[in-house]
């Protein structure tokens, strides 16, 4: 299914939950601090240079952006948090919107959470994982910019995140990721495949295989 991510294309942006589209069967959301390399990760996974716009001003993207893979599946780029130079009132509104989105969105199957591998598990990262755990939404963490660390420190960061989550009874899978070197891309795609190939799609594929064998 890996090829499907190259077909990702922008469809719509929303500033509030009431503007979200409701005609997609499955979506996976990407979240992270404004300087965690979220847009770069989306571009790397989809093998497109400018699908999700990267900005030298972290926090500029204040909308929920949808990128359709086909008629039934989409990637969702959530607003970056934690670094933007915006009024505190706006930050609070963003947080409330993100929380409600994670808690109420019926089509959401998983959350890809970006963290800078050099500065993981900030307060709002933990809040996002807690929100997701509360509604039994699977979380997969990409420890981004791992190319900026040597192998030893990078692996130490990975094990630190895993052990910290365990100590806090928070559930998430974790991997190292580098948009620059494209390391971890295939591992991230495998996780996306698991979420997008839900029970409905698996049943459809099994039915198709059964029909072919009957012919």
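Bear in mind these aren't lab numbers, they're just calculated from the coordinates by the rules spelled out. Since this is a predicted model, take the numbers as computed values, not measurements. With ideal geometry, Cβ positions are generated from the backbone for all residues, glycine too; neighbour counts draw on all protein chains shown.
The figures follow:
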read-out	value
Residues of the range 128-165 with amide N under 16 Å of the 7 Å Cα→Cβ point at residue 118	143-158
Simple label model, 7 Å out from Cα along Cβ direction - residue 22 to residue 63, nm	2.1
129, 189, 162, 92 arranged by Cβ crowding within 10 Å, fewest neighbours leading	92, 162, 189, 129
Pairwise label distance in nanometres, residue 14 with residue 163, each label 7 Å out on the Cα-Cβ vector	4.1
Per-residue Cβ neighbour rank within 10 angstrom, fewest leading, 72, 3	3, 72
nm² value of the averaged projected area, convex hull over the Cα atoms of the range 2-209	11.7
